[in-house]
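Since every read-out is calculated from the coordinates, none of them should be taken as a lab result. The structure presented is a predicted model; accordingly, all values stated were derived computationally and were not measured. Note that we place each Cβ from the backbone using ideal geometry, even for glycine, and neighbour counts take in every protein chain shown.
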2 protein chains.
Amino acid sequence: MHMDQRAFQDYYPDEVSHCYGCGRLNERGLKLKSYWDGEETVATFFPKPYHMAVPGYVYGGLLASIVDCHGTGTAAAAAYRAEGRAMDTQPPIRFVTASLRVDYVRPTPLGMPLEIRGKVKKIEGRKVVVTAAVSAAGEVRVRGEVVAVRIPESWMSRDASADSPR
Amino acid sequence: MHMDQRAFQDYYPDEVSHCYGCGRLNERGLKLKSYWDGEETVATFFPKPYHMAVPGYVYGGLLASIVDCHGTGTAAAAAYRAEGRAMDTQPPIRFVTASLRVDYVRPTPLGMPLEIRGKVKKIEGRKVVVTAAVSAAGEVRVRGEVVAVRIPESWMSRDASADSPR
């Protein structure tokens with residue numbers, strides 16, 4: 001399915017790759033990786049034993065986090081597609097979350113991989129709305145919706161100028 | 001304000017004190033602590049440097065997590081109040097999240113304490129709806145709403161029976 005793809009998050013410029021949920025440069029973070037699968041997007045995440053709500057079940061805040069980052073990742077990928085651009089072209093596109101909604105449909109068992117699937121609901125200017133479903137053992141456990149807003153290009157200058165904060 | 005109170009979460013039975021967001025027994029967790037302040041509830045949380053979205057700003061999934069746990073804690077405290085009971089009386093009351101909504105009103109700066117304030121919007125049978133606001137430097141950054149559902153007492157038996165899973 002996505003063996004030949006780099007994850008969306010691996011295209012983010014260094015300056016915006018420190019996110020706790022999905023930044024490849026955040027050593028303490030969750031490092032979520034999202035990919036295209038046809039018209040949908042998909043990520044797999046294996047919670048740690050301590051990502052617990054009550055014994056045996058995954059913590060809701062962790063589930064909200066992976067929905068959030070899969071949502072902003074999907075929004076970025078969809079914006080590149082809408083512009084007919086590959087994800088390694090300039091200028092970079094990255095989104096932040098304006099609003100997040102998560103419905104815990106049924107408990108999410110701990111100790112197995114979770115599949116997060118995203119769909120683009122709409123693109124409106126700089127705003128992209130993504131719906132997501134998190135499944136474990138083949139059953140949907142969580143449904144979410146992310147309203148993502150494109151961040152200004154000026155936050156992500158790749159110009160290696162002498163006065164760069166990095 | 002709450003110097004003379006134990007946190008809501010410190011009353012949770014051991015069996016349900018492993019939550020990554022607020023369980024006192026989760027060594028890797030965030031250990032959120034919530035208290036009454038008149039008719040509102042309040043918690044303070046100091047994000048770690050790695051709880052980052054983009055440099056200088058707090059990760060949205062972390063903000064969702066503290067809204068979530070402050071919401072379920074507030075729901076439990078409100079349920080005790082509604083029954084005219086102290087939080088150390090039996091049977092224990094604890095809630096899980098059915099639904100979580102978080103609006104990121106403005107960016108949340110990293111490197112300072114956050115104040116989370118909760119209000120009980122309604123109590124309907126086993127369901128409690130809590131609204132929350134997260135502030136930094138005196139300004140509201142995030143608004144949230146948690147729909148919390150009371151978990152069955154049978155999940156939290158304190159009877160030390162021979163066949164207890166603990």
| said: If I model a spin label at A:Asp10 and A:Val149 as a point 7 Å from the Cα along the Cα→Cβ vector, what separation in nanometres do I get? | reply: 3.1 nm
| remark: Inter-chain shielding metric for A:38-45, i.e. average beta-carbon neighbours from other chains within 10 angstrom, reads 0
| query | Between the helical axis of A:60-82 and the dominant principal axis of chain A, each derived from Cα atoms, what acute angle in degrees is found, rounded to the nearest 10? | reply | 40 degrees
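Let me check against my output: what whole-number percent is the relative contact order of chain A, with C-alpha pairs under 8 Å and at least 6 apart?
Details: 338 pairs, mean separation 37.3, N = 166.
Averaging sequence separation for qualifying contacts and normalising by length gives 22 percent for chain A.
If we sort B:68-74, B:122-128 on the protection proxy, mean other Cβ atoms within 10 Å, highest first, what's the order?
On the way: B:68-74: 30.7, B:122-128: 13.6.
Highest-to-lowest ranking by the protection proxy: B:68-74, B:122-128.
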| request: One decimal, nm, shortest first: give the distances between the label point of A:Ala86 and those of the same position in the other copies, each label point 7 Å from Cα along Cα→Cβ. | output: 7.0
| Hull shadow area, averaged, chain A [alpha-carbon convex hull, nm²] | 10.0 nm²
| For the stretch B:20-82, rounded, prolate or oblate, judged on the Cα gyration tensor with a ≥ b ≥ c (square roots of eigenvalues), a/c < 1.5 rounded, else prolate if a/b > b/c? | prolate
| the stretch B:92-108 to the stretch B:35-72: how many Å between their Cα centroids? | 10 Å
| task | Let me know the mean shielding of B:47-56 by other chains, meaning the per-residue number of their Cβ atoms within 10 Å of its Cβ. | result | 6
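Indicate the gyration tensor shape class of the protein assembly as shown (rounded, prolate or oblate), computed on the Cα atoms with a ≥ b ≥ c the square roots of the eigenvalues: a/c under 1.5 is rounded; otherwise a/b larger than b/c is prolate and the rest oblate. Show your work: numbers first, answer last.
On the way: a/c = 2.11, a/b = 1.63, b/c = 1.30.
The shape class here is prolate.
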| said: How far, in nm to one decimal, is A:Lys127 from itself in the other copies if the label point is set 7 angstrom along Cα toward Cβ? Shortest first, please. | reply: 2.6
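Using a ≥ b ≥ c from the Cα gyration tensor of the stretch A:50-121 (square roots of the eigenvalues), is it rounded, prolate or oblate, where a/c under 1.5 gives rounded and otherwise the larger of a/b and b/c decides, a/b for prolate?
Values: a/c = 2.89, a/b = 2.60, b/c = 1.11.
In terms of gyration-tensor shape, prolate.
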| query | Inter-copy label distances at B:Pro55, 7 Å along the Cα→beta-carbon direction, one decimal in nm, shortest first? | reply | 4.5
| Neighbouring partner chain Cβ atoms per residue of B:101-111, average, 10 Å criterion | 3
| remark: Summing +1 per Lys or Arg and -1 per Asp or Glu among the other residues with Cβ less than 15 Å from B:Arg28's Cβ gives +4
| query | Taking the Cβ-Cβ separation of B:Met112 and A:Glu39 as r and a Förster radius of 35 Å, what is the calculated FRET efficiency to the nearest 0.05? | reply | 0.25
| note | Measuring from its Cα centre, chain A shows a charge dipole (+1 at each Lys and Arg Cβ, -1 at each Asp and Glu Cβ) which, in debye to the nearest 20, is 360 debye
